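In what follows, a single structure is set out as structure tokens and then discussed.
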Amino acid sequence: MQYLPDDPVRLSEDGKAVIAIDQRMLPGSTDYLTLRTAEEVAAAIRTLAVRGAPCIGICAGYGVYLSALRRAEAGDAPCSSGFFADAEIIRAARPTAVNLMWAVDRMLTCAGAHRTSDSRGFCDALRAEAERIHAEDIANCRSISEHGLTLLRDGAAVITHCNAGALATSRYGTGLGPLLLGAERGMTFHAYVDETRPLLQGARLTAYELMRAGIDTTLMCDNMASYLMATRQIDACMVGCDRVAANGDAANKIGTSGLAILAKHYGVPFYVFCPCSTVDPDCADGSAIHIEQRDPEEITTLHFAKRTAPEGVKCFNPAFDVTPASLITAIITEHGILRPPYDMRRA
Ligand code: MRU
């Protein structure tokens, strides 16, 4: 399936840079960033040029490889202190999506296993590991989509929040995967897309992806879901996530837990989709998940032609919230469909 112009993140032809779609510019223009250093990779993740939990992990994997390459070119031995410092810069780019830390840790484990190799062997091993993280995500998204599709009837109407499509992963996506895979097989769906304030991932990215895939798409403001569920037949809510605790509590884009509460009220199934790399078995429950707080300008100014709020107003701008496991009908991973009670350490 190729309804996007490109993978959101990939290695350049010469293997010396990450080429990333600048997601801040979509849907108006498709611009590419060339990222060569740990600082550039971290900045792209921090500013949401590269975003979505699995996509951040893929980018981080390539970023650690690029650091090894640059350090080797500068004459550093494998596993130099500069290499580890670079890895920490990437790890610290954002706090909530565990795929970021998971990917950095996986790359560092690989580095440790090849620390006695010569520089060439060290870099080759890290490049192969980063490419494996990428390839596995493509396969995982496909499996998640297959499992998710079994939950939907032809003609289903679904609500989605934020963007959990190919831009947030690689191919198909997680929360949007069943729709994209089903559409490819000739099924029809009606997708209602929350605009997802304040950064508008739903309006800018999800609507763009679904329309390019030929899916019937309706955009709405985040505060319209209750009225929609009260007045129309909605078959499911489908979202991705950034970190799942051991008990099934799931952090995702701010507003997700509100949608889950509405879904419970109206008896609409609420499905969370993620690869197992998004599960954090060290987090007992959602209260241990670090919720990122972002710049107030995102609320007052960023997507408005002119500033809407009074100068100096205090702002509350958490980027994520946690949906309690009790509101989640099923969690769908590459291994299948999990139902409550959840024990994600076995996922
Ligand atoms: O702040 P973002 O845009 O990175 O937030 C992304 C989300 O909340 C996604 O729903 C989540 O990462 C799942 S992506 C498959």
What are the pairs with Cβ atoms under 6 angstrom where one residue, in the stretch 209-233, is surrounded by 14 or more Cβ atoms within 10 Å (Cβ to Cβ) and the other, located anywhere, is in a loop (DSSP other than H, G, I, E, B) and at pLDDT below 95? Sequence gap at least six, or different chains. Arg212/Tyr3; Ala213/Tyr3
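Pick out the one residue from Ala183, Ala203, Ala191 that is within 15 Å of the ligand (Cβ to nearest atom) and either surrounded by fewer than 24 Cβ atoms within 10 Å (Cβ to Cβ) or assigned to a helix (DSSP H, G or I) (or both). Give the steps one after another, and end with the answer.
On the way: Ala183 fails: within 15 Å of the ligand (Cβ to nearest atom); Ala191 fails: either surrounded by fewer than 24 Cβ atoms within 10 Å (Cβ to Cβ) or assigned to a helix (DSSP H, G or I) (or both).
Residue meeting the stated conditions: Ala203.
Quick check on my filter: what residues within the stretch 71-81 are closer than 15 Å to Arg36 by Cβ and surrounded by fewer than 18 Cβ atoms within 10 Å (Cβ to Cβ)? Explain how you work it out, then say what you get.
Here is the first cut: in the stretch 71-81, the residues closer than 15 Å to Arg36 by Cβ are 71-74.
Correct list: Glu73, Ala74.
Okay, residues lined up against (1) closer than 23 Å to Ala166 by Cβ; (2) touching a residue at least 24 places away in the same chain (Cβ under 8 Å); (3) not in a helix (DSSP H, G or I):
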site	(1), (2), (3)
Asn252	yes, yes, yes
Ser257	no, yes, no
Ala260	no, yes, no
Val268	no, yes, yes
Lys306	no, no, yes
Cys315	no, no, yes
Asp321	no, yes, yes
Ile332	yes, yes, yes
Pro341	no, yes, yes
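If we keep just the residues of the stretch 276-294 that are part of a helix (DSSP H, G or I) and either without any contact (Cβ under 8 Å) to a residue 12 or more places away in the chain or within 17 Å of the chain's Cα centre (by Cα) (or both), which is farthest from the ligand (Cβ to nearest atom)? I'd like the intermediate steps shown before the answer.
Filtering the stretch 276-294 down to residues part of a helix (DSSP H, G or I) leaves 276-278, 286-288.
Still in the list and also either without any contact (Cβ under 8 Å) to a residue 12 or more places away in the chain or within 17 Å of the chain's Cα centre (by Cα) (or both): 276-278.
Values: Cys276: 13, Ser277: 11, Thr278: 7 Å.
By that ranking, first place goes to Cys276.
For Leu210, are the conditions met, namely being in the same structural domain as Ile234 (by TED's automatic domain parsing), farther than 30 Å from Phe304 by Cβ and aliphatic (A, V, I, L, M)?
The answer is no for Leu210.
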Which listed residue is in contact (Cβ under 8 Å) with a residue 40 or more places away in the chain and more than 22 Å from the chain's Cα centre (by Cα), from Ala103, Ala93, Ala60, Ala72: Ala72
Checked the stretch 17-37 for anything in contact with a Ser or Thr (Cβ under 8 Å, 6 or more places away or on another chain) and either closer than 14 Å to His303 by Cα or in the same structural domain as Leu210 (by TED's automatic domain parsing) (or both); matches are Arg24
Members of the stretch 118-158 found to be among the β-branched types (Val, Ile, Thr) and either without any contact (Cβ under 8 Å) to a residue 12 or more places away in the chain or closer than 16 Å to Ala103 by Cα (or both), listed by number: Ile133, Ile138
Picking from Leu26, Leu69, Leu4, Leu11, which residue would you name as being within 15 Å of the ligand (Cβ to nearest atom) and over 24 Å from Arg294 (Cβ atoms)? Leu4
Please go through the stretch 295-304 and give me each residue that is within 16 Å of the ligand (Cβ to nearest atom) and outside any loop (DSSP other than H, G, I, E, B), ordered by number. Glu297, Glu298, Ile299
State yes or no: is Cys55 at pLDDT 95 or above, of a type outside the set (D, E, K, R) and part of a helix (DSSP H, G or I)? yes
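The values are calculated or read from the model by the stated rules, or taken from the named source; none is laboratory data. Worth saying up front: this structure is predicted, and the values here are computed from it rather than measured. When we count neighbours, we look across all protein chains shown, and the Cβ atoms used for this are built from the backbone with ideal geometry, even at glycine.
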